[in-house]
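The values are calculated or read from the model by the stated rules, or taken from the named source; none is laboratory data. Since the structure is predicted, the reported quantities are computational estimates derived from the model, not experimental observations. Reconstructed Cβ throughout: ideal geometry from the backbone, glycine too, with neighbour counts over all protein chains shown.
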Amino acid sequence: MTTYIIFDGDKDKWAYAHMKGWDALPTVPFTFTNAHDLDNMTARAQGEEYVKRHLRARMEKSTAVVVLIGESTKNLFKFVRWELELAKDLGLPIIAVNLNGSRKQDDLCPPIIRDEPVVHVPFKLDPIKYALTNWPNQFRKLTAEERKNGPYSYSAEHYRGWKE
């Protein structure tokens, strides 16, 4: 499964690096195929159209999207909003990872995915791992009516079984 990660490149790159670190350590039971590793953008990447074309190609090869939600994510329109809109248009399952530790949708959630069938988890290894493993299939099985129910989150029972 290939995962496309959306994040605030200025303020939340640390969280993206942390996830890549989990994946790189053989002692940590966390793996994912990062869509951003599928190709390299050249120095010409300064042009918005060039960047969007390459990001679109990466997302089209992805099976799920993770959006790392920090303090300013909801205010980013040039790429974050565009990427989330594209993910929705492609019908990709979205996992919202709250860097503030929230287990459910909160006021930091970007408006474009508020009240959408997106699963929300805190920035913790076990919930992210569980969501990456389970949410894509759960999302694809949702009926049109169930998709209208808005955001999803995992129960307290799930969290009792995970390390906090």
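Could you check, for the stretch 113-120, whether at least one of its residues is at pLDDT 95 or above, of a type in the set (A, V, I, L, M) and in a helix (DSSP H, G or I)? For the stretch 113-120, residues at pLDDT 95 or above, of a type in the set (A, V, I, L, M) and in a helix (DSSP H, G or I): present.
When the residues of the stretch 9-31 are filtered to those that are among the hydroxyl-bearing types (Ser, Thr, Tyr) and more than 17 Å from residue 70 (Cβ to Cβ), which remaining residue is modelled with the lowest pLDDT? Steps first, please.
First pass over the stretch 9-31, keeping only residues among the hydroxyl-bearing types (Ser, Thr, Tyr): 16, 27, 31.
Remaining after also requiring more than 17 Å from residue 70 (Cβ to Cβ): 27, 31.
Values: 27: 81, 31: 73.
Going through the qualifying residues, I end up with 31.
When the stretch 63-81 is filtered for residues that are surrounded by fewer than 22 Cβ atoms within 10 Å (Cβ to Cβ), among the polar types (S, T, N, Q) and in contact (Cβ under 8 Å) with a residue 40 or more places away in the chain, the ones remaining, listed by number, are 63, 72.
Residues in the stretch 126-157 that are assigned to a helix (DSSP H, G or I) and among the basic types (Lys, Arg): 129, 140, 141, 147.
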